[in-house]
Amino acid sequence: MSDEFDDLAARIAGHAQNYIDGLTRLAGGEGGDAILPLLLVEVAQVSLAGTQLGAMQDVILQGNFEPALSEDPDIDPLRTALAARLGPVDDYAEVFDPYKDTVVTPYRLSDDLTAVAADLIHGLRHYRAGRPLEALWWWQYSYFNTWGNHAGAALRALHGLVAHTRLDVVEESTTV
C-alpha cells in the first residue's frame, strides 16, 4: 500500500474517531442546549472525510474480498440516548434520492447519526486490526452506499434546525 493511502487511512480514522467521540459525548449530555449546532459541526467535519473518499480513485481489495470481522458493537444505546436528547426534533422528512426516488420519506436524526457511526466503527475495526486498505475500502464503499446519504440528510436537517433557531425570531413589538 502506498504512503498516500496510509496517510489517508490515518486521517480518515482520526475523523471517524472524533465523530464517534463527539456523538457519544453529546448523547451523554455534554453541550447542553447547544446540541444542535454541535451536532452540525460533528456531521460537517466527518462529511469532509467522506468527500475526500468520494473524490479519490476507487479502493479495490485484492480478490475483491473483505476480511471477516467479529460482530460490530451494539450502538443502539447511543441511538436511544440521541433520540431522547433530540426529542421532538428527532423526526424530519427527506427525499432519499432526488434523481430516482422523489418521494418524501420520514427520517430520524438519531438513526442517521448512528448509521454514520456504525459504518465508521466498522472501518475503524479494520484500521485497528492493521488493515488500513480494508478500512479505506469499507469507508469509501459505505460512504457511497449508506453513510454519505445519512450524513447529508442529517446535515440538511441540522442546518435547518440551527437556521430556524437563529432566523425565526419573534418580532419585537414597538410601543410608541
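Remarks
- Filter pass, Ala93 being among the small types (Gly, Ala, Ser), modelled with pLDDT of 95 or more and either more than 16 Å from the chain's Cα centre (by Cα) or more than 30 Å from Val59 (Cβ to Cβ) (or both): no
- In the set (1) surrounded by 12 or more Cβ atoms within 10 Å (Cβ to Cβ); (2) modelled with pLDDT of 95 or more; (3) within 30 Å of Gly130 (Cα to Cα); (4) within 17 Å of the chain's Cα centre (by Cα), the condition left unmet by Ala10 is number (4).
- Being open to solvent by less than 50 Å² (accessible area, probe 1.4 Å) and in contact with a Ser or Thr (Cβ under 6 Å, 6 or more places away or on another chain) is true of Asp119.
- A single member of Thr165, Thr114 is of a type in the set (Ser, Thr, Tyr), over 21 Å from Ala55 (Cβ atoms), out of contact with any Lys or Arg (no Cβ under 6 Å at 6 or more places or on another chain) and part of a helix (DSSP H, G or I), and it is Thr165.
- Looking only at residues of the range 139-160 that are of a type in the set (A, V, I, L, M, F, W, C) and open to solvent by less than 40 Å² (accessible area, probe 1.4 Å), we find that the one that is farthest from Asp33 (Cα to Cα) is Trp139.
Yes or no, residue by residue, for (1) surrounded by fewer than 20 Cβ atoms within 10 Å (Cβ to Cβ); (2) among the hydroxyl-bearing types (Ser, Thr, Tyr):
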| site | (1), (2) |
| --- | --- |
| Ala81 | yes, no |
| Val89 | yes, no |
| Ala93 | yes, no |
| Phe96 | yes, no |
| Pro106 | yes, no |
| Ala115 | no, no |
| Tyr127 | no, yes |
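- Scope the range 17-48; condition in contact (Cβ under 8 Å) with a residue 60 or more places away in the chain, surrounded by 15 or more Cβ atoms within 10 Å (Cβ to Cβ) and among the aliphatic types (A, V, I, L, M); matching residues: Ile20, Leu23, Leu36, Leu39, Leu40, Val43, Val46
The values are calculated or read from the model by the stated rules, or taken from the named source; none is laboratory data. Note that the coordinates shown come from a computational prediction; the quantities given were computed from them, not determined experimentally. Counting neighbours? That spans all protein chains shown, and the Cβs are built from the backbone with ideal geometry, glycine included. Please note that ligands, DNA and RNA were not included when accessible areas were found on the heavy atoms of the full protein model with its side chains. Shrake-Rupley method; radii C 1.70, N 1.55, O 1.52, S 1.80 Å.
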